[in-house]
Structure formats: structure tokens, C-alpha cells
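So the structure is just underneath, and the comments pick up after that.
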Amino acid sequence: LSTDDIPIIIGKYQLRKEQVNSKIDKMINIKTRIENHIEVLNQAIEIKKRVDSLSEDKVIVKNIPPRIVASIRKSTPFGFTSIAFRFIELFNLAEEEKLNITHPYLVIFYQDYKQVNVFHSDYEVCALIQNENIDMKKDFITEISGGIYATIAIKGSYEKSIFKYNNLINWIKNSEYKISGPTIRSYLTTFGAARKVDDLVSEIQIPIALK
């Protein structure tokens, strides 16, 4: 081994180190995604228990932390298929931008939830971002404010959720709270996993503040 060979060997070790670090980063991302999936599935189990139990109409007040999301907002037809296509569009965007996104997937409604128009509605599809360094200047990345939310468990289609939504609105009206932002529907069951729309387990979340 000559001194002339040492820089070459160091270079090879550096390259190998970078390759190992890259693999470590990928494994950490996979581990994080698995942990998130476990957490979401546990949430889905709890919400399904709420839906299946006698207390399915029970409103639960939660303190939800801020959520950094990738999102697409459009005025388009509203329905199971339309939402699924919007999410596919979002997934493609995340892949192009090398964003690590995960569920629960969210839909934010910018109009009265019970008056959503099947043919033309203003809503935003969102997915949580797990990347550590996020460029908040990009127009498709936003933060959903954290705070107090009134929530109710839902199973099934939009049409079936209207009754629950009305119960939630009435609860807020009769409470010490007022609505402070748009309605969010958080899907604990992914669209791909749901064999039919009636299998979707979700939660309506409405941000509230003291009157």
C-alpha cells in the first residue's frame, strides 16, 4: 500500500459511508411510516368501536396538534370517485416532490358540509407530511391549525354522515363553544382498503373556540 493509494481508498470508504447513510435514512423513513400506520389503525379501531357501540353519536372534544400537510384545493365534483382521483393527483405530486406522506387522509370543506354540491364543490384533499425538513413556501404545503376540535365518528358515505354532522352542529350550538373554522373529515380507512364506500371509517372534526 503506497501513500498514493490512500486517497483512493478514503474516497471509496466515503462513497460506501454515503451509501450506508442513504440506506439508514430509508430504513428510518420506513420505520416511521410503519409506526404511523400502527397508530392510525389503532385510531381506526377506536373509532369503529364508537361507531358500532350505542355511543356512536357521542361528541368527543379533542385537542389536536397542528398538522403539516400536502394538499390540493379545487372546485370539482364531489363523491367517492372524485375524491379518490384528487388523492391520486396528490400522491403523484408528493412523489414528484419526494415528500413522505401518510394517512389519515383529510378533506377540508370550504362550504356548509350538508350543502355540498355533487357537481361542483370547493374542497381540499390533504395528507400528512413526515419529512423532517419541509419547505413551507411551496404553495401545495400548508399547516392545519391545531386546537380544540369537536368530533364525531362516521361510517359510510357522505349522505349517511349528514345525520351525524347535524348532531355535531347541534351539540356545538348548545355548548359553550362556537365554530372557528371549516369542517374536516379525517379518513381512518384508506380509499384503497375500503371495498365499498360503506366501509369507510372516518371522523368529522370541527374546530371550536369558547364563545
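The values are calculated or read from the model by the stated rules, or taken from the named source; none is laboratory data. Note that this is a predicted model, so its numbers are computed, not measured. Note that each Cβ is placed from the backbone with ideal geometry, even for glycine, and that neighbours are counted across all protein chains shown. Remember, those area values only see protein heavy atoms, side chains included, never the ligands or the DNA or RNA. Shrake-Rupley method; radii C 1.70, N 1.55, O 1.52, S 1.80 Å.
Cut-off under 24 Å on the C-alpha distance; same-chain residues fewer than 8 positions from Lys12 excluded. Which lysines are left, in chain and number order?
Those lysines meeting the cut-off are Lys23, Lys26.
Please report the carbon-and-sulfur percent of the accessible area for region 150-192; probe 1.4 Å, protein heavy atoms only, DNA, RNA and ligands left out.
51
Averaged per residue, what accessible area in Å² does region 86-133 show with a 1.4 Å probe, protein chains only?
52
Could I have the simple spin-label model distance between Lys114 and Phe80, label points 7 Å from Cα toward Cβ, reported in nm to one decimal?
2.4
Check each of the trypsin sites (Lys or Arg not before Pro) in region 54-122 and keep only those in coil by DSSP with at most 12 other C-beta atoms within 10 angstrom; list them in order.
Passing sites in region 54-122 are Lys98.
At 1.4 Å probe size, with the rest of the protein present, what percent of the exposed accessible area of region 67-117 is carbon and sulfur atoms?
51
Working with all protein chains in place, sort Val118, Val59, Val20 by solvent-accessible area computed with a 1.4 Å probe, largest first.
Val118, Val20, Val59
Using a Cα distance threshold of under 21 Å, what count of lysine pairs results for region 62-210 when pairs must be 8 or more residues apart or interchain?
Value for region 62-210: 20.
Quick one: how many Å² of His120 are accessible to a 1.4 Å probe, rounded to 10?
110
Using each residue's phi in region 97-105, evaluate 6.51 cos²θ - 1.76 cosθ + 1.60 at θ = phi - 60° and report the 3J(HN,Hα) Karplus result to the nearest Hz, with x for Gly and Pro.
Karplus values, whole Hz, x for Gly and Pro: 8, 6, 9, 8, 9, 8, 8, x, 7.
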